[in-house]
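Trainee: This is the structure I want to talk about, given as structure tokens.
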Amino acid sequence: MSFVSKILDGVGRKRAAAVTSRNALQVAMVEPDVPAIGTPNVYRYLSRYLTDDGLATGSANQNVDGSSTPQTFYLTASADYDIRITHILILISDSGVSHNNFGALSALSNGWDLEIVEAGVSTYLVDKAQTGGQVIAQTGFFWPYGDGATSWELANWTGSTDAQTINFPLGNIIPGGLRLGRGTQDKIVATVNDSLTGLTEMWVRVMGFRHYPCKFCV
């Protein structure tokens, strides 16, 4: 037996609902009203490099020697807002780059790491990558460009160097991207475990947005 039913809207008016032949309720996304005049945005653009001190003023260039003591570059959670990371950009620049080397360096002995630490638990996004090709593979082979041996490569990044560039679109995998929750010890960390001083340049940049709680926008 079936019953005719209606759904009440937010002010108590009865509205008929559409149901498919397979008894599924049809719904549609509706854009919310714009915020009140003068209120700040809840979502604000974020673009930060991982640095050796976790601050925007620190060094982002990972061409350092981590062979005896691993060197870390990181970004930690904020006390005031959630950090949502939707893209991670990785650039390795040298006088020549190839998939079976790390820049122009021979394959690394220990490998390069990129990890997310959530509630004290580490998850490796890149685990002991010894070559640029392994970095590309472990970040999912997303959005290739170029051809063959020069794929993922920017020729003449500077006057005398080329660069491998990798875009890891985490927002395509995790709805809203990776979250560094406000007021936590969460962080994203790159670790250099070999000497990368022969590289011209290497950096990791995270892009996404800052998500402020409601108290910041009323």
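The values are calculated or read from the model by the stated rules, or taken from the named source; none is laboratory data. It should be emphasised that the depicted structure is a prediction, and the values quoted were computed from it without experimental measurement. Positions of Cβ are backbone-derived with ideal geometry, glycine not excepted, and every protein chain shown enters the neighbour counts.
Trainee: What number of residues within region 47-75 satisfy the criterion of being crowded, with 16+ Cβ neighbours inside 10 Å and among the β-branched types (Val, Ile, Thr)?
Mentor: 3
Trainee: Under 8 Å between Cβ atoms, which residue pairs at least 6 apart in sequence (or on different chains) link something in region 50-63 that is among the β-branched types (Val, Ile, Thr) with a partner that is not in a strand (DSSP E or B)?
Mentor: 51/57; 51/58; 51/59; 51/60
Trainee: If you don't mind, there's one more thing I want to ask. Quick test of your reading of the structure: residue 155 fulfils all but one of (1) surrounded by fewer than 19 Cβ atoms within 10 Å (Cβ to Cβ); (2) modelled with pLDDT of 95 or more. Name the failing condition by number.
Mentor: Evaluating residue 155 over (1) surrounded by fewer than 19 Cβ atoms within 10 Å (Cβ to Cβ); (2) modelled with pLDDT of 95 or more leaves (2) as the failure.
Trainee: Would you confirm whether any residue within region 22-43 is part of a strand (DSSP E or B), under 30 Å from residue 79 (Cβ atoms) and modelled with pLDDT of 75 or more?
Mentor: yes
Trainee: Can you pull out the residues in region 56-86 that are of a type in the set (Val, Ile, Thr), at pLDDT 95 or above and in a loop (DSSP other than H, G, I, E, B)?
Mentor: Correct list: 64, 69.
Trainee: Let me ask something additional. Does region 167-190 include one or more residues that are more than 17 Å from residue 90 (Cα to Cα), among the acidic types (Asp, Glu) and in contact with a strand residue (DSSP E or B) (Cβ under 8 Å, 6 or more places away or on another chain)?
Mentor: Yes - at least one qualifying residue is present in region 167-190.
Trainee: Sticking with this structure for a sec: Out of all the residues in region 113-120, is one or more touching a helix residue (DSSP H, G or I) at 6+ places or on another chain (Cβ under 9 Å) and of a type in the set (Asp, Glu)?
Mentor: Taking every residue of region 113-120 in turn, none turns out to be touching a helix residue (DSSP H, G or I) at 6+ places or on another chain (Cβ under 9 Å) and of a type in the set (Asp, Glu).
Trainee: Here are 192, 117, 206: which of them is buried (at least 18 other Cβ atoms within 10 Å of the Cβ), within 25 Å of residue 52 (Cα to Cα), aliphatic (A, V, I, L, M) and touching a Leu at 6+ places or on another chain (Cβ under 8 Å)?
Mentor: 206
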